[in-house]
Structure formats: C-alpha cells, structure tokens
Amino acid sequence: MLCYCARRGFSGIIVLIALSAAVFTMMYMAPGSMETTLLGKAPRSPEAIMAVRQEYHLDQPVWKQYCIWLGRCMRGDFGNSITYRAPTIDVIGRAAVLTAELGVLAFGLAVIVGMGLGVASALHARTPMDRVMVGASVIGTSTPTFILGVLLMYAFAIALGWFPVSGPGRGGLDRMSHLVLPALALGFSCFAEVLKLTRAGVLNNVEQDSYLFARARGVHGWLLIRRYALRGGLIPLVTGLALLLMYLLTGAVLVEVAFGLPGVASLLVDAVNTKDVPVLQALTLLTGAIVIILNLVADISYHFIDPRVRIGEMAR
Amino acid sequence: MRRQDVRKAETCVSGRGTTRREFLGYSAVLAAAAVLPGTVGACGRSAVDVKNLQWGIPPGVDNISPNIWTGVGVTIAHMGLESLLQVNEKGELEPWLAEKYENRENREFVLTLRENLRWSDGSPLTIDDVLFQYEYNLKEKGQPLYGYFPGFGVAGVEKTGPRQITVYADTPNPRIGPGILASQATWLVKPDILKRYGYDKMGSPDALPIGSGPYVFEEFVPDSSIRVRRNRHYWAWDRLGLVPETLHIRVYKETSTLLLGAVNGEISGSHYVGCVDLPEYERVAGYSTYATPDMTTCLFALNTKVKPFNDVHCRRALAYALDRESLVTAVWGGYAKAATSLVPPQDWRGFLSSNEVEDMNKHLPNYSFDLARASQELKMSSHPNGFSLTVLTSDAQPEQSKVCQVFARDLQKIGVTLNVKVVSENQYFDPLYKNDPTDPNHVISIGYSSFEYYDPVLPFDDHYSTRNAKEGLTNWSFFSNDRMDELLKLQASETDSPVRGRYFSEMLRIAQEEEPYIAVVWPEIGAVTDTGIQYRNFNANMFLNGVPWPTGLLKA
C-alpha cells in the first residue's frame, strides 16, 4: 500500500510539473502583458519598465523564466502577486480557506441529502415519491447554479431577510450565515448527482438475491440498508463524490461571483484576466494537487469498501 | 395488520393512490408556496446608522496604496492619505496640509507645512517626513511609481525653512501644483512604511499605509472588504462637520448583487454606480441618487502614423459618422453630454469667459453627425472606397463595446468596416499603454482621457504634445504639430490664466482641424445613498484630489 501511494505520489509530481509548464507557456503566448498589470495606467518611464522586467525576469526567454519559477517553487517561494502586491501564498491562503469552508458545507449538504433521498427513492422505486425525487434530481442537474443562487438570494436574503445578500462574513457564526445560501446553491446541483448515483447503486443491489435472502433471514432497518443495499453501490458513488469535491473546491466560480465570495475559483479567473502569472501558477499546482490527492484517496478507498479490489502489489 | 395492507386500505378509501402522510406533505409545500410571496417586503430597512456606515462599491480594490492610478481603489486609499495641497470642489488649488503655498512663475513651488500635524498613529508629521518622501519620489526610478517626479518635470526638492520645502521644475510647468503637489502622487505616507515596503509592496493587508487623512485603515481583505475608523489625530475635523465614526466598505462583484444589497438594507450607499442603474436604485431600493459630470472624456484615438489615419480626410470622415446624441441616450441613459472636443466645458472656467467660449466654438470645425459629409470627406481621401478596421474593447467596460457597435453600423453606410473585438481588460490596455505606432491593434482605439483637475492643458499636453508621442506615453494618436508644441511651451511659462486661455483656444483650433481624436461624450458618474444621509455637495473631485468623500456625507 505504501509503495503504491509513493508511486502515485511520484507520478503526481511529474503531472504537476508538466501541467505547470503547459499553463506557463499558454500564459506567455496569450495576448496581454504582465507589465500592463504591474504598471497600470500610469505613464511608464523607461526606468520603471526596465526595473519591472528585471524584477520579474520578463527580459529572459520563456524556458528560463519557467526554470527560475520552478527553482523558487522547490524552495517554497511562490513569489508575489502582481495584482495584489502581496505574497502569493497569503493571497491564495485566504481564498483557499473560504473555498474549503464553502466546499465542505456544500459537499456535506449534497452527501447527506443526496444519499438519504437516493436510498429512500431506490427503496420506494416506481412510487410517486420516487418520481418526485427523480424529477428533483433532473431539475437540480439542469438548473444553472448562478440562477439558483440569485433566486435563493431573493427569497431568503431579500424577501425573508434570513441571510445576508453577499460577502464572506468575518468568521465563526457570521461566516456560516454568509455561506448558507451559496452552499445551498452549490449543494442543490451536487445533491442531484449524488441522488442519481445512490439510487442507481441501491436499486441494483435491492434486486439481487442476496438482498432478498437477507430480508428473508430477518435482517431489517439500517443494517439491511448499510450492509446489503448501499455497500455494493459505493464504488461508483465514491468516484462520483471525488469528482464533485474536485468541482466544489476548484470550479464554483459562478456562485462565488454571484455571492461576492473571494474564493479560489474567482481568484483563478482574475489571475487569467490580469496575467497574474505567480498566482496562476500557484493555483495550477494547488488544483492539480487537489485532483491527484482526491483521485488517490478514491482509489485507496475502493479496497476498504470492497476487499476483493486489490491495489498496488496486492493486485499482483 | 401488515403495513402493506394498511396502505392498500388507504388507497381504496382515497381512490387516488395517495396516503394521508403524502397528502399532508403536499399541503405543507403548497401552503409555503402561497405564504412566500406574502412575505415579500415584509422585512423593511432599519434606520441608517450615520455613525457606523455600511457602504458598497464595485470591484477594483486590490491594493490600498497611493500608487493606484485611478478607479474605485484610489477613492479608498484617499480616505487615509492626503497631500500638501488639494483641489477644491470648484476646481481651485488651495493649501491643505500646507498652510501657505507660493507658485513662482511655474518654476518654483514653495510650501509651508502646518504646525502640530500628526500621523494617524499619533506620531508627529514633520517637514523632514515630507522631504524624505519627495526625495524618494525623485530618486527611486525603478518602482512602478505614479509619482515618479522626473517623469512629471520635477528637477529637485529642498528644505528651505523650518517648516518649508521648495520644489523645483526643470522647465516652467503649471501642472506641478495641481498635478503633483495636490494629487495622489504626493499623498503622504509615514516614512517607516515607505522604507519598509516601498510603493510596490505597500497596500497589501499586511502592509497598510499610515497617513494623516481622516480615516485609519483597520482591516483590508483585497477585493472583498475594508474597515476604517476615524483618525483621532486628524487636524481638520472642525472644518468637516459630522462624519461617520467607522465605515465598513464591502465589494460587490456584480452590479445586480450591489442593488440587492441596497434593497436588503445591507449598505447605506455606494459610489461609482453606473448612471444607467440609478433609476433602479430609486425605484427598487428607494435610495437618493446623485449624478455629476465625471472628469473624463470618452474618445477614439486614430493612429496618425499609419494608413488610413495618416490622411486627415479619413479622420474627419469618421468624426462626421459618429452619432453622439444617440449614444448619450442609448449607452449612457442620458447621463452624459455629446462631446465636441477633449476639453470639457468646465475646464474653461477661469481661463475664458462664457462669451469667449461661445465665440470660440462658433469658429471651430463642428463634427455633428452627418453621413453625407462623412462620405464627402472619404471621397476626398486616399481611400475613397473605404477600408476595414479592428477596435479592441474591454469586457470590464461594456459601454465601449456598445459605442463601437453603434459606430460600426453607421460607418458601414459610408463603406468603412469596423470590427469590434471584446477582450480581457489586460489585453485591452496592453496596446493602449504600450503605445507602439506599429502595433496593428493600435490603429484605432477607444478609451478615456482622464484629468485630476480643471485645466485645458491636461488633454493637450497628454494627448497632443510631440514629447508624449512615444512608446509608453499618452499621445495615443502620435499626433505631432510644431505650433501645438510651441503653444504648450508658451502657456507653461505663463501664470496669467486669461493669457493661457488664449493659447488654449488656438490649440483647440489646431486639434479640431486635424482631428486625431474623435471626442465621443463627457460622461457622468453616479452615487446613491439611503434617504437618511445625503451628500453635502456631490462632485467628481471628492473621489480624487478633493476632501475625501465620506467627509462630504451628512445626516438628511
């Protein structure tokens, strides 16, 4: 198991280097310039242009610029954001904390509600309740998160005044109250996916002989659901959940913009627009690392869900 | 009885296949749906707390530093920073942190600092602090520095008295007073901060500037929120009257969310509101709205170094083909005025009388919308069959794209094709501020000529002088005219405003005849407040070089 993880970790590092090189090259080739972001709209003295180009190595060939960045990265120095004039780590750290809180909240809502309703829907298959659940999942998948966010904002923030309209809040309960509506908007589309996956997996299992035999033996209630109905369908569900979590932690830009949350996704979009290469490179590494780690966790969890699944040297 | 039998019995009773539990559930959902609309507007706004204001602004506050060029960020930085002089709401230069100011023929500028001034942390603000910063601006060539003195014609700085400093120009330059000594270029920052961070690192959450202005920056989350409190050591409270004790300023990334924040009572006001949104604030949120001429001119810059705009007839053809009045209505919702030149009307105040301005305008070429004359000019040009152009517009400034689309429609009628390309803000600014005459994206450009105070020299010097027709500078059309340069030199040595006014009048004639720029509109800026507060005198200057905007708020 440890060797397997080490091999995956090593290949993950190779992937991250290749990814960062590709993004660096694409940003270099894209129209626009870092000097414009750095110098802004002020008249540019030749000395200022020269100093900016020297400080950020913009006078070097692109491969050399990348190597300089990579070398500093290995030493833990990700440079300064050219937009915010602050260490890149600090800029991303602030955004990452907020995105993690939002992501975890939305994920929790999606998993608890989605799995619960998915199981209920599968156990009451082809009843009106099941049809309502399936209909809700179709609506959840089809509704753009931005539209849902605005509707939730109007209903619960404006009409009822239960929650603030936008912003991240200051921390603690204030932060929680600011994140409820965005988490609901994100969680609603995610719960639909979880419901569909859970329903499909549970439905497949309840039609098996093993489930019927367990019921005949007198197994009932939560034990029947957990061990016989749900467990068999967990592998595809875990894969889906890993993908959902990746999306929640890296791609929820529309919700972040609608609710004014300075999270990772909107920071990424701003970094592309302003050619803030230090931030963009660091975010590329962060999102790449998140994807690699979540995939690894999902792959390892298969063995614990179903011991018949072997991984690494156990598979030989 | 088994559960299945009970359910079957219920089905038989109801005849509809619905259980009692299901029926109750559906009823609860319908009842909630019926009640929800009734709660609209149930939660009204509470009375505004004028001492602790909540404020909303659009995005653009990445940094709090005097180095920010323009935009909403500079209005935040100005809350805590100020300079020795300021431009008041009438556009007049007056001493501020200086108690006395003397302009010696636009060559030497003598300033005497007030006594007993303090930084916001309570330490004394001395003339040596001012000298340190001015020398820093003079010598630090490397930083991306708004206030890089040599770039603005400042040759030297000297302490000439116990509380006196003299600034020397390399050549006579009337811009140094209002343009440098009253602008963000010399907003004073405590020397410790400047030494530790320099301008390029200053302004991040861990490196907030310490100034002498009315407010202290307590907390800053970039492009999210700013908290300020009153500066207990501020010297001018008795002049400013009742102002908020604290302000919590939130950034709203979407204009629709800003409006919802207003409706919800989360904010008591906002500035930098798009004027076209003002009626919505009145109607939906019940706010008071304000609009005033902004200190900008929207324009097209035509590259006179390359075809087709090296031909004056092509430039005039485009000028006649622009329907400014339609743009005022369609794009700015009436919150703008059709521009006749790069010099807005309020700039002439103090230089020419209104009769002189009227007389001057009668004798100038008038490019009112006239497609027949546009066609005529084109037929006289070196491109009688028309030509094709591409203009870049910024996705962050949607009005640019709308202007260009309307312009393209009318240009098509005279045989000119204008392709409008919407790009990111960085991509849009890149060719404009690199200002390379050979750049194919810089044949025609849309932009804004901004000015910090009312003086006709600004647009002429920035956009028509040969010395600025270089890469990285602001003569975007690369226009060059010996007489224009001569007039600029003459007015620089002149301290008498009416005499300078006559020079500007001739400059305007040259500008209008050659038409390297097509002036589009003079737009307005908007602001909104809760009805519990109001602006004392809403004007564009309070967001730039005047007294900071929160100090202009009053209880209604």
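The values are calculated or read from the model by the stated rules, or taken from the named source; none is laboratory data. Bear in mind that the values here come from a model prediction, so they are computed numbers and not experimental data. For neighbour counting, all protein chains shown are included, and Cβ atoms are generated from backbone atoms with ideal geometry for every residue, glycine included. Just the protein is used for accessible areas: all its heavy atoms, side chains included, with ligands, DNA and RNA removed. Shrake-Rupley method; radii C 1.70, N 1.55, O 1.52, S 1.80 Å.
Quick test of your reading of the structure: B:Val306 fulfils all but one of (1) farther than 30 Å from B:Pro365 by Cβ; (2) more than 14 Å from chain A (Cβ to nearest Cβ); (3) surrounded by fewer than 20 Cβ atoms within 10 Å (Cβ to Cβ); (4) among the hydrophobic types (A, V, I, L, M, F, W, C). Name the failing condition by number.
The failed condition is (1).
For the condition among the charged types (D, E, K, R), farther than 30 Å from B:Tyr464 by Cβ and in contact (Cβ under 8 Å) with a residue 60 or more places away in the chain, what is the one hit in B:Glu280, B:Glu266, B:Glu254?
Exactly one residue qualifies, and that residue is B:Glu266.
For segment A:156-185, enumerate the residues that are on the phi > 0 side of the Ramachandran plot and touching a residue at least 12 places away in the same chain (Cβ under 8 Å).
Taking segment A:156-185 and keeping what is on the phi > 0 side of the Ramachandran plot, we get A:161, A:167, A:169, A:171-172.
Within segment A:156-185, just A:Gly167 meets the criteria.
Out of A:Leu224, A:Leu244, report the one residue that is open to solvent by less than 50 Å² (accessible area, probe 1.4 Å) and free of Cβ contacts under 8 Å to residues at least 60 places away in the same chain. Reasoning before the result, please.
Working: A:Leu244 fails: free of Cβ contacts under 8 Å to residues at least 60 places away in the same chain.
Selected residue: A:Leu224, the only one of A:Leu224, A:Leu244 that is open to solvent by less than 50 Å² (accessible area, probe 1.4 Å) and free of Cβ contacts under 8 Å to residues at least 60 places away in the same chain.
In this structure, is A:Leu249 among the aliphatic types (A, V, I, L, M), open to solvent by 10 Å² or more (accessible area, probe 1.4 Å) and within 14 Å of chain B (Cβ to nearest Cβ)?
Numbers: among the aliphatic types (A, V, I, L, M): yes; open to solvent by 10 Å² or more (accessible area, probe 1.4 Å): yes; within 14 Å of chain B (Cβ to nearest Cβ): no.
Against the criterion (among the aliphatic types (A, V, I, L, M), open to solvent by 10 Å² or more (accessible area, probe 1.4 Å) and within 14 Å of chain B (Cβ to nearest Cβ)), A:Leu249 does not qualify.
Do we have B:Gly156 as open to solvent by 10 Å² or more (accessible area, probe 1.4 Å) and within 16 Å of B:Asn67 (Cβ to Cβ) here? Break it down stepwise before answering.
On the way: open to solvent by 10 Å² or more (accessible area, probe 1.4 Å): yes; within 16 Å of B:Asn67 (Cβ to Cβ): no.
It is false that B:Gly156 is open to solvent by 10 Å² or more (accessible area, probe 1.4 Å) and within 16 Å of B:Asn67 (Cβ to Cβ).
How many residues does segment A:1-33 hold that are open to solvent by 40 Å² or more (accessible area, probe 1.4 Å) and closer than 19 Å to A:Thr274 by Cα?
Total satisfying the criteria: 6.
Checking the structure you have, find out if any residue of segment A:271-288 is farther than 25 Å from A:Ile14 by Cα and either in a helix (DSSP H, G or I) or open to solvent by 30 Å² or more (accessible area, probe 1.4 Å) (or both). Talk me through it step by step, then tell me what you get.
Step one: of segment A:271-288, the residues farther than 25 Å from A:Ile14 by Cα are A:273-274.
Within this subset, residues satisfying the condition of being either in a helix (DSSP H, G or I) or open to solvent by 30 Å² or more (accessible area, probe 1.4 Å) (or both) are A:273-274.
Yes: one or more hits.
Within segment B:516-531, is even one residue of a type in the set (Asp, Glu) and surrounded by fewer than 18 Cβ atoms within 10 Å (Cβ to Cβ)? Break it down stepwise before answering.
Step one: list which residues in segment B:516-531 are of a type in the set (Asp, Glu), which gives B:524, B:530.
From the residues that got through so far, the ones that are surrounded by fewer than 18 Cβ atoms within 10 Å (Cβ to Cβ) too are none.
No, segment B:516-531 contains no residue that is of a type in the set (Asp, Glu) and surrounded by fewer than 18 Cβ atoms within 10 Å (Cβ to Cβ).
Identify, please: which residue in segment B:282-300 is among the aromatic types (Phe, Trp, Tyr) and more than 15 Å from B:Tyr335 (Cα to Cα) and is, among those, modelled with the lowest pLDDT? Show your work before the answer.
Taking segment B:282-300 as the starting set, the residues that turn out to be among the aromatic types (Phe, Trp, Tyr) are B:287, B:290, B:300.
Going one step further and asking which of them are more than 15 Å from B:Tyr335 (Cα to Cα), we end up with B:287, B:300.
Working: B:Tyr287: 90, B:Phe300: 98.
Residue satisfying both the conditions and the ranking: B:Tyr287.
Just need a number here: residues in segment A:80-89 that are surrounded by fewer than 20 Cβ atoms within 10 Å (Cβ to Cβ) and either within 20 Å of A:Gly260 (Cβ to Cβ) or touching a residue at least 40 places away in the same chain (Cβ under 8 Å) (or both).
Initial filter on segment A:80-89 (surrounded by fewer than 20 Cβ atoms within 10 Å (Cβ to Cβ)): A:87, A:89.
Subset that is either within 20 Å of A:Gly260 (Cβ to Cβ) or touching a residue at least 40 places away in the same chain (Cβ under 8 Å) (or both): A:89.
Residues in segment A:80-89 being surrounded by fewer than 20 Cβ atoms within 10 Å (Cβ to Cβ) and either within 20 Å of A:Gly260 (Cβ to Cβ) or touching a residue at least 40 places away in the same chain (Cβ under 8 Å) (or both): 1 in total.
Somewhere in segment B:438-448, is a residue within 16 Å of B:Ala519 (Cα to Cα), open to solvent by 10 Å² or more (accessible area, probe 1.4 Å), under 21 Å from the mean Cα position of the chain (by Cα) and modelled with pLDDT under 95?
yes
Select from segment B:194-208 the residues that are within 12 Å of chain A (Cβ to nearest Cβ) and either assigned to a loop (DSSP other than H, G, I, E, B) or in contact with a Phe, Trp or Tyr (Cβ under 9 Å, 6 or more places away or on another chain) (or both) and list them in ascending order.
Of segment B:194-208, the ones within 12 Å of chain A (Cβ to nearest Cβ) are B:197-208.
Hits for segment B:194-208 are B:Gly198, B:Tyr199, B:Met202, B:Gly203, B:Ser204, B:Pro205, B:Asp206, B:Ala207, B:Leu208.
For segment B:340-359, give me the residue count where each residue is open to solvent by 50 Å² or more (accessible area, probe 1.4 Å), assigned to a helix (DSSP H, G or I) and either over 29 Å from B:Asn88 (Cβ atoms) or of a type outside the set (Gly, Ala, Ser) (or both).
Just the residues of segment B:340-359 that are open to solvent by 50 Å² or more (accessible area, probe 1.4 Å), to begin with: B:340, B:345, B:349-350, B:353-356, B:358-359.
Narrowing further to those that are assigned to a helix (DSSP H, G or I): B:345, B:354-356, B:358-359.
If we keep only those that are either over 29 Å from B:Asn88 (Cβ atoms) or of a type outside the set (Gly, Ala, Ser) (or both) too, we end up with B:345, B:355-356, B:358-359.
So the answer is 5.
Yes/no per residue for (1) modelled with pLDDT under 95; (2) closer than 30 Å to A:Val91 by Cα:
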site: B:Leu30; (1), (2): yes, no
site: B:Thr39; (1), (2): yes, no
site: B:Val50; (1), (2): yes, no
site: B:Gly56; (1), (2): yes, yes
site: B:Trp69; (1), (2): yes, yes
site: B:Gln86; (1), (2): yes, no
site: B:Asn106; (1), (2): yes, no
site: B:Phe109; (1), (2): no, no
site: B:Asp129; (1), (2): no, no
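Only residues that are surrounded by 14 or more Cβ atoms within 10 Å (Cβ to Cβ) and closer than 25 Å to B:Leu342 by Cα: list them for segment B:366-389, please.
Once the filter is applied, which keeps residues that are surrounded by 14 or more Cβ atoms within 10 Å (Cβ to Cβ) and closer than 25 Å to B:Leu342 by Cα, segment B:366-389 yields B:Tyr367, B:Phe369, B:Asp370, B:Leu371, B:Arg373, B:Ala374, B:Ser375, B:Gln376, B:Glu377, B:Leu378, B:Ser381, B:Leu389.
Out of the residues in segment B:309-339 meeting the condition of being closer than 16 Å to B:Ala408 by Cα and over 27 Å from the mean Cα position of the chain (by Cα), tell me which one is surrounded by the most Cβ atoms within 10 Å (Cβ to Cβ).
Residue satisfying both the conditions and the ranking: B:Ala317.
Before we move on, is A:Met50 closer than 17 Å to A:Leu286 by Cα and surrounded by fewer than 22 Cβ atoms within 10 Å (Cβ to Cβ)?
Spelling it out, it is not the case that A:Met50 is closer than 17 Å to A:Leu286 by Cα and surrounded by fewer than 22 Cβ atoms within 10 Å (Cβ to Cβ).
Conditions first: (1) part of a helix (DSSP H, G or I); (2) of a type in the set (A, V, I, L, M); (3) within 30 Å of A:Pro182 (Cβ to Cβ); (4) in contact with an Asp or Glu (Cβ under 8 Å, 6 or more places away or on another chain). A:Val52 passes all but one, so which condition is the exception?
A:Val52 satisfies every listed condition except (3).
Do the conditions hold for B:Gly151, that is, is it open to solvent by 10 Å² or more (accessible area, probe 1.4 Å) and in a helix (DSSP H, G or I)? Can you show your working first?
Working: open to solvent by 10 Å² or more (accessible area, probe 1.4 Å): yes; in a helix (DSSP H, G or I): yes.
Yes; evaluated as a whole, the condition is true for this residue.
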